[in-house]
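Okay, structure first, notes after.
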Amino acid sequence: MGTFLAAATGLPTILLTAALVVVFCFWLLVAVGVAAADTFDRDADLSAWGMGGVPVTVAVSAMTALGWLLSVGAILVLAAFVPPGPASGLLRIVVPVVALLVAWPLTCLFVRPLHRLFPDEPGPCELGRAQDHAV
């Protein structure tokens, strides 16, 4: 358990841990009724990132959770199999960045079937047709 806590709270994974805490607090506010799940939809459009069709908060929450899980998991694997030294220190710095880069396509795959649950959100196909008609 100590290794897990060290992996989750060590630098630079602590940045993803803090982001996960923010995501958790946001969804707690949504559950209480203080915020809405589509709060940030007017501010950002994730269709260009391959995550269209769901609220921005769902896509960003999924990417944050996947990135955190991948990062902490990789740090635990490094702790178990790579001896301490400069190489492991460099790998620990790179792991969260790589975890987010891997989490991005995984999130795209994850949110694609979820767009049916959010009919008000324009999916990638509807966005293209709406832009064609607007021109």
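Hey, of (i) 1.08; (ii) 0.96; (iii) 1.30, which did the structure itself give for Rg/Rh (Cα atoms, Kirkwood Rh) when calculated? Evaluating Rg/Rh (Cα atoms, Kirkwood Rh) on these atoms matches (i). Taking each DSSP H run with n ≥ 4 as -39500 (n - 2.57) and averaging over every residue of the chain yields -23000 deg cm²/dmol at 222 nm. Kindly identify region 1-61 as rounded, prolate or oblate by the Cα gyration tensor criterion: order the square roots of the eigenvalues as a ≥ b ≥ c, call it rounded if a/c is under 1.5, otherwise compare a/b with b/c, prolate if a/b is larger, else oblate. Cα axes put region 1-61 in the oblate bin. Counting only C-alpha contacts under 8 Å and six or more residues apart, can you give the relative contact order of the chain as a whole percent? Across the chain, relative contact order equals 31 percent. About its Cα centre, the dipole of the chain is roughly 480 debye, where the only charges are +1 on Lys and Arg Cβ and -1 on Asp and Glu Cβ. Apolar share of the accessible surface for the chain: 74 percent from carbon plus sulfur atoms, 1.4 Å probe.
Between A103, A59, A74, the GNM of the chain built on Cα springs shorter than 10 angstrom shows A74 fluctuating the most.
Largest accessible area first, the listed residues V77, V95, V111 line up as V77, V95, V111 when surface is computed with a 1.4 Å probe on the assembled protein chains. For the chain, the solvent-accessible area works out to 64 Å² per residue, with a probe of 1.4 Å and every protein chain left in place.
The values are calculated or read from the model by the stated rules, or taken from the named source; none is laboratory data. Everything quoted here is computed from the prediction, not taken from an experiment. Every residue, glycine as well, gets a Cβ built from its backbone with ideal geometry; the counts of neighbours run over all protein chains shown. Ligands, DNA and RNA are stripped out before the accessible areas are found, and what is left, the full protein with its side chains, is counted by its heavy atoms. Shrake-Rupley method; radii C 1.70, N 1.55, O 1.52, S 1.80 Å.
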